[in-house]
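One structure is given below, encoded as structure tokens.
The values are calculated or read from the model by the stated rules, or taken from the named source; none is laboratory data. These figures come from a predicted structure and were not determined experimentally. No Cβ is skipped: glycine too gets one built from the backbone with ideal geometry, and neighbour counts run over all protein chains shown.
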Amino acid sequence: MDPALAGKRDLFREASREHAEVTRMVDLSREIAKLEAERVDLKEMLADPDMREEAEAEKARIDARLPQLEQDLRLMMLPRDKYEGRPLLLEIRAGTGGDEAALFAADLFRMYLRYADKMGWRLEILSQSEVFVGGTASGFKEVIASLTGETAYRFLKYESGVHRVQRVPLTEAQGRIHTSTATVAILPEPEEVEINIADKDLRIDVFRAGGPGGQSVNTTDSAVRIVHIPSGLVVICQDEKSQTKNKAKAMKVLSARLLEKERSERDAAEAADRKSQVGTGDRAERIRTYNYPQNRITDHRVIDEAGSTLTLYKLDKVIEGDLDELIGAVLGYFQAEALRQAEGR
């Protein structure tokens, strides 16, 4: 309600987001208190033979509802991820498997593109390196896109890692199943105060863009390569005809990668004395297998009490962007792990 806050866009947005979260927690706690009061009131009805059946049914409804509400409230009270609500960069790179890996990288990108469209997020391709297989099928050596949406980071933050595919490649004449991989990285975009890149730490080269494109491709020095000297990180952008636009996109990617590098180093230091790390999204970790012959998708991180991994037999739907069940299960698993840690169990 502070009038001075209205003129400060970033602070107002953050305050509004926090207010909405606190309001949900308050509403939920009130609903819990209401049900608990109703359960106390039912004691008299349970003692009355004429009302016992109705009272027992109502008590069963409350007993079934309360644990879920209490669980939801505990989850809401977990520390909020500082990157929630921010735009993010989605990076997908072909791994082992040659052309088939590049085709799989393209399949993953289309999967996330369709999911983003379904969720109402805005996606913009920043950089892409295409591979043409057999003159028709198009894959990616690398594709980088910016995703903007209030819930984008919350739902995609555990997608980072190595994704493995098992299927018969288009180029396989014998019908044999091959295994290939692609790497996915989810990088929150940093705010200006988080990453300070000094000009002296950069080497910026310009050159002529290559590959298929418009009239300006291969005729002007529009492509940009930025090397961050201290870290050795290299970013190349050449999709735009404007050198200025390519440089701006490259700086956005570089900033996100530097933030991720800093965050990974901090997470590794904090987790050094733990037996296992939860939710780090380590890129070297194989997180998921897409088995086409069996229409099966398996997430290797989500393990139930019986020791079974999360497996869904709906790969055809998942690869078309139907990720609700899969991502919901992954989020639920990591939230439960976070709760156990917070409660010291």
Selection count where residues are surrounded by 18 or more Cβ atoms within 10 Å (Cβ to Cβ), of a type in the set (K, R) and more than 15 Å from I144 (Cα to Cα), scope the range 223-270 | 1
Which of the following residues is out of contact with any Asp or Glu (no Cβ under 6 Å at 6 or more places or on another chain), buried (at least 17 other Cβ atoms within 10 Å of the Cβ) and touching a residue at least 24 places away in the same chain (Cβ under 8 Å): L339, L323?
-> L323
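Condition check ((1) surrounded by 15 or more Cβ atoms within 10 Å (Cβ to Cβ); (2) assigned by TED's automatic domain parsing to the domain that holds E21; (3) modelled with pLDDT of 85 or more; (4) in contact with a His (Cβ under 7 Å, 6 or more places away or on another chain)) across all residues:
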site: L108; (1), (2), (3), (4): yes, no, yes, yes
site: Y115; (1), (2), (3), (4): yes, no, yes, no
site: E142; (1), (2), (3), (4): yes, no, yes, no
site: T151; (1), (2), (3), (4): no, no, yes, no
site: Y158; (1), (2), (3), (4): yes, no, yes, no
site: V165; (1), (2), (3), (4): yes, no, yes, no
site: T181; (1), (2), (3), (4): yes, no, yes, yes
site: L187; (1), (2), (3), (4): yes, no, yes, no
Test result for V227, outside any loop (DSSP other than H, G, I, E, B), in the same structural domain as K249 (by TED's automatic domain parsing) and modelled with pLDDT under 90 = no
Of all residues in the range 290-345, how many are under 15 Å from Q166 (Cα atoms) and basic (K, R)?
-> 2
Would you mind stating whether V217 is at pLDDT below 90, of a type in the set (V, I, T) and not assigned by TED's automatic domain parsing to the domain that holds A185?
-> yes
Within the range 74-82, is there a residue that is surrounded by 11 or more Cβ atoms within 10 Å (Cβ to Cβ) and either over 30 Å from S160 (Cβ atoms) or in contact with an Asp or Glu (Cβ under 6 Å, 6 or more places away or on another chain) (or both)?
-> no
